[in-house]
Amino acid sequence: MTEDVWSARDTTPDAIDAALRDMLHERHTVNEALVPARVLNLVVIVDRSWKGEIANRLERVGRYHASRTILCAVDPGRATMDARVVMSYDEPSGDGVGVILEQVEIDLGEVHLTNLESVIDPVRAAEIPTMLWCPHGHDEAVRSLIDTTDVILMDSDDGPEPTVALARAAELLESVYVVDLAWLRTTPWRERLAATFDPPVRRHLLCRIGVMATRHQASSTASAALLAGWLASRLNWQPTCLSPHGRGELRGVAHAGDHDVEVRLDRSDQVVPGLTGVTVAIPDGWSLSLDRSLGGLCAHRRAEDGTESEWKVLGASRGEGGILGEGVRQALLRDPTYRPALAGALAFCPVTAPV
């Protein structure tokens, strides 16, 4: 892609806005087939020391880049703002149209966060939705921007206390739409579980499930709880608070009408975030286990007559770059299953989860 670049030290939001307008005007004057994308603003607030790592993650989102990304790097002792604007585009061929993507990087200080709206408002593209992502906290920035934000991107797997993160997601849902990366990590597992019971011949098994067990990376308890909460919400189970057990596992039950479902959230030694496996079973009968493996998920099923089968579900994992890209895409969608799954996850999680 071709890039146009502008930068300035000790600048202002109005100067950044003027630079954006001038760059767009100049590029469109040269080539009228180049037009700016106008779908989504993505505002990202990060610690200055993590700016490069977050910028690299944003580069790996695939085709789901925001129209205008505003990356604010917070340096605690800074009192002035430096900025850099990059416009990226492919020159169109023939009668086609080329789309311009805009990235604004602003280095600022903690002093700017309490009134961050005055910085962001002149710089964001008008009349399109805005998504806010604060991977390193900065609650004061969220408070400043919440009234002009349509979607908040968050990761309930961040931090040592999943209950706090899940409660924060529930709090934010009262004001804005929430896209939770911990929830998106469960997508292939939810899709496969739903597909398993899609054939009418297997529907009767749903009301007989007696065991639901997840295996997850140590920092991904929230993802595991959200998967359990999703099953509880879809099958009308009544979750109960799980208890710490062993090396950080959580154990307990959900009430499913005339029987209880054993619920286990077990840790694994997996390095990457997310789930390692999930098992649903009817005691002394049918069961299905899905486990992460090279190239996809390894599925193992035991039928009601005792016969067993195993196969590979190819391409189930999208990696962290794909999950972040899906998070950006979800800003323009609405998932009605997240809120009830979140309520179920909070009911399962103890007030003080194991670390």
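The values are calculated or read from the model by the stated rules, or taken from the named source; none is laboratory data. Not measured: the values here are computed from a predicted model. No Cβ is skipped: glycine too gets one built from the backbone with ideal geometry, and neighbour counts run over all protein chains shown. These accessible areas exclude ligands, DNA and RNA; they are computed on the full protein's heavy atoms, side chains included. Shrake-Rupley method; radii C 1.70, N 1.55, O 1.52, S 1.80 Å.
Points worth noting:
- Any hit, the stretch 263-278, residues being modelled with pLDDT under 90, surrounded by 14 or more Cβ atoms within 10 Å (Cβ to Cβ) and out of contact with any strand residue (DSSP E or B) (no Cβ under 6 Å at 6 or more places or on another chain): no
- Output for the stretch 235-258, where each listed residue is modelled with pLDDT of 95 or more, more than 23 Å from Asp155 (Cα to Cα), open to solvent by 30 Å² or more (accessible area, probe 1.4 Å) and out of contact with any Leu (no Cβ under 8 Å at 6 or more places or on another chain): Asn236, Gln238, Thr240, Val253, His255
- The residues listed here are Ser93, Ser118; of these, the one that is open to solvent by 30 Å² or more (accessible area, probe 1.4 Å), among the hydroxyl-bearing types (Ser, Thr, Tyr) and over 22 Å from Pro76 (Cβ atoms) is Ser93.
- Within this structure, Ser309 passes the test of being open to solvent by 40 Å² or more (accessible area, probe 1.4 Å), without any contact (Cβ under 8 Å) to a residue 24 or more places away in the chain and either assigned to a loop (DSSP other than H, G, I, E, B) or of a type in the set (Ser, Thr, Tyr) (or both).
- Criterion applied to Ala73, Ala19, Ala33, Ala66 was being modelled with pLDDT under 95, under 17 Å from Ile120 (Cβ atoms) and open to solvent by less than 50 Å² (accessible area, probe 1.4 Å), and the one residue passing it is Ala66.
- Asp291 vs. criteria touching a residue at least 24 places away in the same chain (Cβ under 8 Å) and in contact with a Gly (Cβ under 6 Å, 6 or more places away or on another chain): yes
- Scanning the stretch 247-265 for residues that are part of a strand (DSSP E or B), charged (D, E, K, R) and within 17 Å of Gly210 (Cα to Cα) turns up Arg251, Asp260, Glu262, Arg264.
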